[in-house]
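Enquirer: Handing you this structure, nothing more for now.
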Amino acid sequence: MFHYIKGFIVEVKDDHLVLDNNGIGYKIHVAETEYYRSFLKNQVLISVYHHVNEQEQMLFGFSTRVARDFFLLLISVSGIGPKLALKILKNQDPQNLLQSIINRDVASLLTVKGLGEKTAKRILLETAKKAEILLKENYADLTDTPQPNETLAVKREVREALLSLGYKEVQIRKTIDRVFSQEKQANDLEDLLKKCLKHLAYT
């Protein structure tokens with residue numbers, strides 16, 4: 001029913017946020033609560049999954065489409081409901097989790113409270129190939145991360161410039177995330193591109 005919701009974050013709690021869209025407050029369960037606190041009172045676009053059953057309706061939100069797709073991959077596994085899937089995402093970065101599944105690293109999944117060994121092994125068995133495709137094809141998409149529009153535009157330009165120079169998507173995303181996290185004024189395209197290139201030269 002819902003693909004995404006765009007609005008202003010008015011409240012962030014331990015397991016959910018409230019997003020105001022045209023005067024309607026949507027309660028959206030999220031894994032990245034600390035991340036969203038930095039956008040309090042700002043407008044963001046959140047990819048969502050609308051969960052409906054006989055007892056309740058719930059919205060689950062994600063900062064990127066790949067995080068949502070990974071969530072959908074998890075709930076396709078028998079025994080994994082949306083609340084447990086969100087807990088798994090809260091425990092680790094989606095990229096690391098995808099890599100753990102691809103590597104059949106059951107120990108990494110067992111760090112999630114409430115996830116038993118049998119269920120963890122079932123996740124590895126049923127999703128490893130799909131996780132590999134998801135990581136390769138989608139993870140470096142920067143366009144749907146909720147950020148101020150000016151910063152987002154600069155990130156896109158830096159990304160396109162680095163792609164034209166032959167760098168790989170995963171390399172680019174890691175480099176951009178690191179460089180932008182260190183910059184207070186992240187809007188000078190030429191300066192940021194130079195810093196990304198310098199970082200890539202040492203990786």
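The values are calculated or read from the model by the stated rules, or taken from the named source; none is laboratory data. Note that the structure is a prediction, hence the values are computed from the model and not measured. Cβ coordinates were reconstructed from backbone atoms using ideal geometry, including for glycine residues, and neighbour counts include every protein chain displayed. Remember, those area values only see protein heavy atoms, side chains included, never the ligands or the DNA or RNA. Shrake-Rupley method; radii C 1.70, N 1.55, O 1.52, S 1.80 Å.
Enquirer: Counting only residues that are more than 23 Å from Val112 (Cα to Cα) and either of a type in the set (Ser, Thr, Tyr) or buried (at least 20 other Cβ atoms within 10 Å of the Cβ) (or both), how many does region 28-43 have?
Expert: Final tally of qualifying residues: 1.
Enquirer: May I ask you to say which residue of Tyr35, Tyr49 is in a helix (DSSP H, G or I), hydroxyl-bearing (Ser, Thr, Tyr) and within 16 Å of the chain's Cα centre (by Cα)? Even if it seems obvious, please write down each step before you answer.
Expert: Working: Tyr49 fails: in a helix (DSSP H, G or I).
The unique qualifying residue is Tyr35.
Enquirer: Another question about this same structure. So Lys41 fits all but one of (1) more than 17 Å from Leu97 (Cβ to Cβ); (2) in a strand (DSSP E or B); what number is the exception?
Expert: Unmet condition: (2).
Enquirer: Same structure again: If only one of Leu115, Leu109 is aliphatic (A, V, I, L, M) and closer than 20 Å to Thr33 by Cβ, which one is it?
Expert: None of the other options fit; the residue is Leu115.
Enquirer: Name the residues in region 130-148 that are at pLDDT below 85 and of a type outside the set (D, E, K, R), would you?
Expert: Matches in region 130-148: Leu134, Leu135, Asn138, Tyr139, Ala140, Leu142, Thr143, Thr145, Pro146, Gln147, Pro148.
Enquirer: Out of (1) part of a strand (DSSP E or B); (2) among the hydrophobic types (A, V, I, L, M, F, W, C); (3) surrounded by fewer than 16 Cβ atoms within 10 Å (Cβ to Cβ), the odd one out for Phe2 is which?
Expert: (1)
Enquirer: Search region 44-57 for residues being open to solvent by 20 Å² or more (accessible area, probe 1.4 Å) and in contact with a helix residue (DSSP H, G or I) (Cβ under 7 Å, 6 or more places away or on another chain), and hand back the single one that is nearest to Ile80 (Cα to Cα).
Expert: Looking at residues that are open to solvent by 20 Å² or more (accessible area, probe 1.4 Å) and in contact with a helix residue (DSSP H, G or I) (Cβ under 7 Å, 6 or more places away or on another chain), I get His51.
Enquirer: Give the residue, chosen from Leu165, Leu98, that is at pLDDT below 90 and surrounded by 14 or more Cβ atoms within 10 Å (Cβ to Cβ).
Expert: Leu98
Enquirer: Test Gly25 against the stated conditions and say whether it is of a type in the set (Gly, Ala, Ser), modelled with pLDDT under 90 and either open to solvent by 10 Å² or more (accessible area, probe 1.4 Å) or part of a helix (DSSP H, G or I) (or both). Outline the logic, then answer.
Expert: Numbers: of a type in the set (Gly, Ala, Ser): yes; modelled with pLDDT under 90: no; either open to solvent by 10 Å² or more (accessible area, probe 1.4 Å) or part of a helix (DSSP H, G or I) (or both): yes.
The answer is no for Gly25.
Enquirer: So, one more: Kindly establish whether Arg173 is open to solvent by 90 Å² or more (accessible area, probe 1.4 Å) and either modelled with pLDDT under 80 or in contact with a Cys (Cβ under 9 Å, 6 or more places away or on another chain) (or both).
Expert: No.
Enquirer: I've got another one for you. Restricting to region 58-85, give me the number of residues that are open to solvent by less than 20 Å² (accessible area, probe 1.4 Å), in contact with a strand residue (DSSP E or B) (Cβ under 8 Å, 6 or more places away or on another chain) and touching a residue at least 60 places away in the same chain (Cβ under 8 Å).
Expert: The qualifying residues number 2.
Enquirer: Go over the candidates Asp69, Asp14 one by one and state the one that is under 28 Å from Ala131 (Cβ atoms) and in a loop (DSSP other than H, G, I, E, B).
Expert: The conditions single out Asp14.
Enquirer: Residues Thr151, Thr127: which one is at pLDDT below 85, among the polar types (S, T, N, Q) and part of a helix (DSSP H, G or I)?
Expert: Of Thr151, Thr127, the one residue that is at pLDDT below 85, among the polar types (S, T, N, Q) and part of a helix (DSSP H, G or I) is Thr151.
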